[in-house]
């Protein structure tokens, strides 16, 4: 069988990720690679650390990408922190809360979960009272839950964890670069981001940051690989229970991302180029300006959706500004609509998971995809397809409402 | 702090990886991304599976990349196969044998190692007799050990494993695409490759293949993530001990790489483009032709090295054709020579690890880096730098010997 040239169709990607990649990032990806210990490359690794610190709004020493997709970042942090039997409290308000619980269980934590209906979030005081009751070593919580389009306020939770000497680990995959993630101000101990959403870099890296509280705990289990360890390394680690994963061992990764530059993996060169350029684009725009842009296009999209006669699944304070969930009208085939939008317009929106599969559409306004023409084209495509499937829609109103808003 | 534009210096990369990336692969990386469930993208996932089967020389159903660097592929296979207490036999003949042992220990295997001096490999019959003695569930073995430049013959070992009903897991990171890796013919049950060496794709993906023997064992612990599992899934998995890692759970990855397309991670889009194009380049050249090209430039390099008056660390049958290890002459500072080669010529060669650090240089002839002009320029740079550091070298002979060989 012969596999031919790539022929990539033109798409407007309005899912909650992966979203369109910034053209400057695509260009950076095509640069020739450098050796991993070439000073020109290790300088770039340091650049990326400095850029990520700004994006995470932290003065943490440690901020670097895990070479894997977003959940690799989550697993690296949790695998490195959890000792078997540790108590971890996980508030679950959608699919990705279950993911956190599942990762912690696999690393043999004693997992306590609390759940609220999909589409809701927790009052911080509910979580804080559960922390006091269960006395966990770690609280692991999702910030932006893309499966339901909800955002969990974290400031009070982070501060309570600090006061109670509990580690607070946050999944900020859907929010980093799209809305406030204030690592230091909110007292978050470890934060995991994703590249393929609001940073508009391709999937395949997971930027993380963690503070000295986390570092201290990890270094209690520090290990250097036998084939490269010195005698001193081996003496130091005698009797220690190592972290259960080699690939996700943040102790080894700190040795690689510090002046010691002890080889662990071979850093994913091209992806690092992309992340460096993507982070520069984010910071050139400015974090606050970028968050405002996300809010602007989210608002325009909502105006259009409502003018069409459709309803939102989530609104108000708990709504994640980077994902808009729309209720599928009765008797409309959610997946058929998505297929027609893709086939006829090249516009991609998402369905959801579990209890919400087929019941909502999820429309992302993330990163480079979050642009006026994308919002307008998505509204036009959705309206036209709904009309063709026989749904009751007020024709023409969506675009006029969005344009009115943009031209206000 | 402002981080400026990338300025990537021009390099000739002659290390054992990462090596220069094929220009067609670099171009592919800069293509716009697609959504992960866009049929245009899932078709490309299937293309990559078909291409990888050819490269691994297998009819296995399963051949796909792990989204991580090479050791992510090793950890995915071992984490998914090992149940705590399983016996794993690991023949160690360099750094990467230790890595296999360390991964298996972390996943709580009962690890049996056998060691030979760095620079040697095992007689297959030694390994086979150790298999008979220790009766392991799994043998994990490195094919090409880049730390010493040695290659372990696998055919007899693979066949013995099959006869004895032991699973044979192979680290072919340094050999895939550079020399014979005959998965089916040699009865290898799981093989892990790397992208950044002889495939000349950037680091960040690890192509793997495994057969139905491995699949069966993994499916005994199959699990579907809670947030997306059906009632049937949950009933089936009751009472099972899950694989210790979520990210490396090959059971979930099979669901993602099959028509069920059950979301696990978001496939690293751009890297998949790169792997697809890199695999096409490999197969267009032809595997046998490509292996001959590697042998040709290796031979030219060796002619030059010897004509300069330097000695090889490894020769003959056990020499890995994609890495040439050169003894550092007495009183020569190995790292200073490498630094001068990089600073003045932009040529990068490698040092080694552990007992060989400072004692050998390692020169790769891998993938797109394995070209006549690269071999000649490396010889020229090495000779000139050695002369400047006062080493005793016969000037001019290296290039003439290599050119004589090329023009034979």
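Has segment A:140-151 got at least one residue that is under 18 Å from the mean Cα position of the chain (by Cα), modelled with pLDDT of 95 or more, surrounded by fewer than 17 Cβ atoms within 10 Å (Cβ to Cβ) and more than 30 Å from residue A:245 (Cβ to Cβ)? There is no residue in segment A:140-151 that is under 18 Å from the mean Cα position of the chain (by Cα), modelled with pLDDT of 95 or more, surrounded by fewer than 17 Cβ atoms within 10 Å (Cβ to Cβ) and more than 30 Å from residue A:245 (Cβ to Cβ).
The residue that is surrounded by the fewest Cβ atoms within 10 Å (Cβ to Cβ), counting only those in segment A:195-228 that are in contact with a strand residue (DSSP E or B) (Cβ under 7 Å, 6 or more places away or on another chain) and more than 17 Å from residue A:50 (Cα to Cα), is A:213. Here residue B:137 does not qualify as more than 11 Å from chain A (Cβ to nearest Cβ), surrounded by fewer than 21 Cβ atoms within 10 Å (Cβ to Cβ), under 30 Å from residue B:360 (Cα atoms) and in contact (Cβ under 8 Å) with a residue 12 or more places away in the chain.
Filtering segment B:313-332 to residues that are free of Cβ contacts under 8 Å to residues at least 60 places away in the same chain and in contact with a helix residue (DSSP H, G or I) (Cβ under 9 Å, 6 or more places away or on another chain) leaves B:315, B:326, B:328, B:332. So, of the residues in segment B:152-177 that are within 13 Å of residue B:319 (Cα to Cα) and in contact with a strand residue (DSSP E or B) (Cβ under 9 Å, 6 or more places away or on another chain), which turns out to be surrounded by the most Cβ atoms within 10 Å (Cβ to Cβ)? So, considering only residues that are within 13 Å of residue B:319 (Cα to Cα) and in contact with a strand residue (DSSP E or B) (Cβ under 9 Å, 6 or more places away or on another chain), the one surrounded by the most Cβ atoms within 10 Å (Cβ to Cβ) is B:175. Of the helices (runs of 4 or more DSSP H) lying entirely inside segment B:201-296, the ones with 2 or more residues being more than 30 Å from residue B:18 (Cβ to Cβ) are found at B:212-219, B:231-237, B:250-256. Within segment B:366-380, identify whether any single residue is more than 26 Å from the chain's Cα centre (by Cα) and either more than 30 Å from residue B:8 (Cβ to Cβ) or modelled with pLDDT of 95 or more (or both), and answer yes or no. Yes, because at least one residue in segment B:366-380 is more than 26 Å from the chain's Cα centre (by Cα) and either more than 30 Å from residue B:8 (Cβ to Cβ) or modelled with pLDDT of 95 or more (or both). From the residues in segment A:1-14 that are within 7 Å of chain B (Cβ to nearest Cβ) and part of a loop (DSSP other than H, G, I, E, B), which one is surrounded by the most Cβ atoms within 10 Å (Cβ to Cβ)? Per the criteria, the residue is A:11.
When residue B:209 is tested against (1) within 14 Å of chain A (Cβ to nearest Cβ); (2) under 16 Å from the mean Cα position of the chain (by Cα), just one condition goes unmet, and that condition is (1). Residue A:29 meets all of the listed conditions (1) under 13 Å from residue A:200 (Cβ atoms); (2) surrounded by fewer than 20 Cβ atoms within 10 Å (Cβ to Cβ) but one, namely (2). Considered as a group, the residues in segment A:229-246 that are buried (at least 17 other Cβ atoms within 10 Å of the Cβ) and in contact (Cβ under 8 Å) with a residue 24 or more places away in the chain include one that is nearest to the chain's Cα centre (by Cα), and that residue is A:245.
Quick one: is residue B:273 farther than 21 Å from residue A:101 by Cβ and either in contact with a helix residue (DSSP H, G or I) (Cβ under 6 Å, 6 or more places away or on another chain) or within 10 Å of chain A (Cβ to nearest Cβ) (or both)? Judged against the criteria, residue B:273 is a match. For the condition buried (at least 24 other Cβ atoms within 10 Å of the Cβ) and touching a residue at least 60 places away in the same chain (Cβ under 8 Å), residue A:81 qualifies. Residues of segment A:182-194 that are surrounded by 24 or more Cβ atoms within 10 Å (Cβ to Cβ) and touching a helix residue (DSSP H, G or I) at 6+ places or on another chain (Cβ under 6 Å): A:188, A:189, A:190, A:192, A:194. Applying the criterion of being in contact with a strand residue (DSSP E or B) (Cβ under 9 Å, 6 or more places away or on another chain) and part of a loop (DSSP other than H, G, I, E, B) to the residues of segment B:309-323, the residue that is nearest to residue B:386 (Cα to Cα) is B:310. Residue A:225 falls short on exactly one of the conditions (1) touching a residue at least 12 places away in the same chain (Cβ under 8 Å); (2) under 28 Å from residue B:94 (Cβ atoms); (3) more than 9 Å from chain B (Cβ to nearest Cβ), and that condition is (3).
Among the residues of segment B:379-391, some residue qualifies, meaning at least one is in the same structural domain as residue B:315 (by TED's automatic domain parsing), surrounded by fewer than 17 Cβ atoms within 10 Å (Cβ to Cβ), in contact with a helix residue (DSSP H, G or I) (Cβ under 8 Å, 6 or more places away or on another chain) and part of a loop (DSSP other than H, G, I, E, B). Here residue A:43 does not fit the description of being surrounded by 15 or more Cβ atoms within 10 Å (Cβ to Cβ), without any contact (Cβ under 8 Å) to a residue 24 or more places away in the chain, over 30 Å from residue A:149 (Cα atoms) and not assigned by TED's automatic domain parsing to the domain that holds residue A:338.
The single condition among (1) part of a helix (DSSP H, G or I); (2) without any contact (Cβ under 8 Å) to a residue 24 or more places away in the chain that residue A:395 does not satisfy is (1). Given the condition within 14 Å of chain A (Cβ to nearest Cβ) and under 22 Å from the mean Cα position of the chain (by Cα), answer yes or no: does some residue in segment B:121-133 qualify? Within segment B:121-133 (the criterion being within 14 Å of chain A (Cβ to nearest Cβ) and under 22 Å from the mean Cα position of the chain (by Cα)), the answer is no, since none of the residues qualifies.
The values are calculated or read from the model by the stated rules, or taken from the named source; none is laboratory data. This is a predicted model, so every value here is computed, not measured. Heads up, the Cβs are rebuilt from the backbone with ideal geometry, glycines too, and the neighbour counts pull from every protein chain shown.
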